[in-house]
1. Looking at the range 194-210, can you tell me whether even one residue there is over 29 Å from SER292 (Cα atoms) and charged (D, E, K, R)?
2. Surrounded by fewer than 19 Cβ atoms within 10 Å (Cβ to Cβ) and of a type in the set (D, E, K, R): is that true of ASP62 in this structure?
3. Would you point out the residue of the range 159-200, among those that are among the β-branched types (Val, Ile, Thr) and touching a Phe, Trp or Tyr at 6+ places or on another chain (Cβ under 8 Å), that is surrounded by the fewest Cβ atoms within 10 Å (Cβ to Cβ)?
4. Does THR282 satisfy the criteria of being among the β-branched types (Val, Ile, Thr), over 22 Å from GLU6 (Cα atoms) and part of a helix (DSSP H, G or I)?
5. Looking only at the range 215-265, which residues are of a type in the set (S, T, N, Q), in a loop (DSSP other than H, G, I, E, B) and closer than 23 Å to MET65 by Cα?
6. Out of ARG104, ARG93, ARG10, I need the residue that is closer than 25 Å to ASP274 by Cβ and surrounded by 18 or more Cβ atoms within 10 Å (Cβ to Cβ). Which one?
7. Name, by its number, the condition in (1) among the small types (Gly, Ala, Ser); (2) within 16 Å of the chain's Cα centre (by Cα); (3) not in a loop (DSSP other than H, G, I, E, B) that does not hold for GLY128.
8. What residue, of ARG290, ARG268, is part of a helix (DSSP H, G or I) and closer than 16 Å to VAL136 by Cβ?
Amino acid sequence: MTSTDEIYSRARAAFLGLAVGDALGATTEFMTPSEIRAVFTVHKKIVGGGWLYLKAGQVTDDTEMSLALGRALIAAQGWDLTGIADNFVAWMRNKPVDIGSTCRRGIRDYMTRGQLQTPPNEWDAGNGAAMRMAPVALFTLGDEALLQRCALEQARLTHNHPLSDAACIAIGTLVHRALLGCDRFELHAVTRDLVARFSTFRFNNYKGLSGSYVVDTLQTVFHHLFTTADFEECLVGVVNQGGDADTTGAIAGMIAGAFYGLDAIPPRWLKKLDGAVRDEATAQAEELLRLSPWGLCRP
C-alpha cells in the first residue's frame, strides 16, 4: 500500500510535472519535428525562447490557469466554481503571455453575462480545459463521482464538448490512479475505457499529430507515456513532437509526475523552473490534497 508521505510526494510531482512540461514544451510550440531536429537535434533543456520569447523556466497559460484554479479552491476551502471563474478573469486582465481563443471567449462570457457554463459547441474540442486538470484531480482524490462533477464544471466554463469532457475525466482518473501507486497496466486500463467509449482517442497506431485538438493531444501523451520508461524520456518524446507542445508537455508532465514520483523529475528541470511557480505548485499540491476526500480521512 502506498504511504501517506508517498502520496503527498506524488501530488507535488503531478503539479510540478505540469509546470516543467509546460516550460519545456513552450520552446517547441508550433514547431514541426523536423524543425526541432534542425535547431536542437533533441530538445531536452529548459531554455525558454520559442514563439513567445519566454525566459528560461517561464510557464504559459497551462500552468497559470491551473494555479488560478487551485487558488480559488484553497481560498474557499472547497469547490467554488464562481471563485474559479473570478480568478480566470483576474488572470486574463493581468495580460498573460498567452491565452487560447476558446478560453478567452468563455472568460469574457462570464464577465459580461455571469455565464458559468458555455453552451455546447462543436468547435470546443480543444485541450484548454484538459490542461488545467491537475488541481481538480488533487482536490477530488478519493471520490470518483466528485472528480467527474468538478472536472465537467471547470471544463464547461470555457469548453463544452463531449471529447473535452471525456478527456478531462480520463486525465483526472489517470492522476488519481497514479497517485495511489497503480502499475502501468492499471494506468493503461483507464485509456482503454476511454477508447471503448470514444474510439477516436485510439492511439495504438499513433500518427504524430500534436495540435490543440484534444484527441491529438491525448494520443500524443498516451503514446509517449506507454512507449517510454521514465519521466524524462516521456516528456522529451512529447515535446519533440512540436505542435501544441506546452500543453502536451503539461498534461504528460502531470500524469507522469504522479506515476513516476518526485525523484524522477530531473533536478536540472526543477532548478530551471521559475522559483515562484515551483513554490506555489508545491504548496498548492499539499493543500489541495489535504482538502480532498482522501486527505480529510487522514488522522
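Values in this text are rule-based calculations from the coordinates and carry no lab data. Keep in mind that what you see is a predicted model, and the values were worked out from it rather than measured. No Cβ is skipped: glycine too gets one built from the backbone with ideal geometry, and neighbour counts run over all protein chains shown.
1. Scanning the range 194-210, I find at least one residue that is over 29 Å from SER292 (Cα atoms) and charged (D, E, K, R), so the answer is yes.
2. On the way: surrounded by fewer than 19 Cβ atoms within 10 Å (Cβ to Cβ): no; of a type in the set (D, E, K, R): yes.
No; evaluated as a whole, the condition is false for this residue.
3. Taking the range 159-200 and keeping what is among the β-branched types (Val, Ile, Thr), we get 169, 171, 173, 175, 190-191, 195, 200.
Subsequent filtering for residues that are touching a Phe, Trp or Tyr at 6+ places or on another chain (Cβ under 8 Å) retains 191, 195.
On the way: THR191: 22, VAL195: 17.
The extreme case among them is VAL195.
4. Values: among the β-branched types (Val, Ile, Thr): yes; over 22 Å from GLU6 (Cα atoms): no; part of a helix (DSSP H, G or I): yes.
So THR282 fails the test.
5. Going through the range 215-265, the residues of a type in the set (S, T, N, Q) turn out to be 217, 219-220, 227-228, 240-241, 247-248.
Still in the running and in a loop (DSSP other than H, G, I, E, B): 227-228, 240-241.
Residues satisfying the conditions do not exist here.
6. Details: ARG104 fails: surrounded by 18 or more Cβ atoms within 10 Å (Cβ to Cβ); ARG93 fails: surrounded by 18 or more Cβ atoms within 10 Å (Cβ to Cβ).
That would be ARG10, the only listed residue that is closer than 25 Å to ASP274 by Cβ and surrounded by 18 or more Cβ atoms within 10 Å (Cβ to Cβ).
7. Checking GLY128 against (1) among the small types (Gly, Ala, Ser); (2) within 16 Å of the chain's Cα centre (by Cα); (3) not in a loop (DSSP other than H, G, I, E, B), the one that fails is (3).
8. Working: ARG268 fails: closer than 16 Å to VAL136 by Cβ.
That would be ARG290, the only listed residue that is part of a helix (DSSP H, G or I) and closer than 16 Å to VAL136 by Cβ.
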